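The values are calculated or read from the model by the stated rules, or taken from the named source; none is laboratory data. All figures in this text were calculated on a predicted structure; none of them were measured in a lab. Cβ: placed from backbone, ideal geometry, glycine included. Neighbour counts: every protein chain shown. For the accessible areas, the whole protein counts, side chains as well, though only heavy atoms, and no ligand, DNA or RNA atoms are used. Shrake-Rupley method; radii C 1.70, N 1.55, O 1.52, S 1.80 Å.
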Amino acid sequence: GRVVRRPRASRRGRSDASSIRGRAATRLRESPRDPRKRRRPRRQGDVLSLVWYMRLLAAGRIKADPDRFAPFVMDDNGVADVHDFCRREVEPVSVECDQVQIIALTEMLGVPVAIEYLDASGEPSKFVCPDGAEPHVTLLYRPGHYDVLYEGAPAAASPVAAAA
């Protein structure tokens, strides 16, 4: 098994986790639009660690503002327990991400995101979080899955463009 160490305080008083969050947000904001110029993680373990960390950030945001997120996390009995929701739906890497997690992560990192999807009529739609912001990342939502959309990608590679 892999040992996960607790973030330690740096000389500047911020924890390493806070520093990593800041660097991740900066990289997202400043990353090149051309996907060929983006740095790729070197190992699968790096990818899983990053996904796990992003999930912890989203869970932290949800838990920090339970009144805001409670309406989105109700169980089948109408009970909204954000801690239980985070334990079941946000923190495990094996669970698919949903819009509430993306909203929480967007708020935590301060990186605006656009989500494009096809509505019930088959028409392309777009949701931007936070509302009115200029998105730095665009995701394509297909039921149960999100893909990153890159500016300048061939139209045939985009299911939204292909359906339009």
State whether the residues of the stretch 134-143 include one that is open to solvent by 70 Å² or more (accessible area, probe 1.4 Å), among the hydroxyl-bearing types (Ser, Thr, Tyr) and on the phi < 0 side of the Ramachandran plot.
-> yes
Residues within the stretch 108-124 that are at pLDDT below 90, open to solvent by less than 50 Å² (accessible area, probe 1.4 Å) and at negative phi, tallied | 0
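Could you please give the count of residues in the stretch 64-98 that are touching an Asp or Glu at 6+ places or on another chain (Cβ under 6 Å) and among the charged types (D, E, K, R)?
0
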Unmet requirement for residue 146, which otherwise passes all of (1) assigned to a strand (DSSP E or B); (2) in contact with a helix residue (DSSP H, G or I) (Cβ under 6 Å, 6 or more places away or on another chain) | (2)
Considering the stretch 112-122, residues that are touching a residue at least 24 places away in the same chain (Cβ under 8 Å) and in a loop (DSSP other than H, G, I, E, B), and then whichever is nearest to residue 56 (Cα to Cα), we arrive at 112
Output the qualifying pairs, or none if there are none: Cβ atoms under 8 angstrom, residues six or more apart or on different chains, first residue in the stretch 81-101 and at negative phi, second residue assigned to a loop (DSSP other than H, G, I, E, B) and surrounded by 13 or more Cβ atoms within 10 Å (Cβ to Cβ).
-> 81/73; 82/73; 85/73; 89/73; 89/98; 100/73
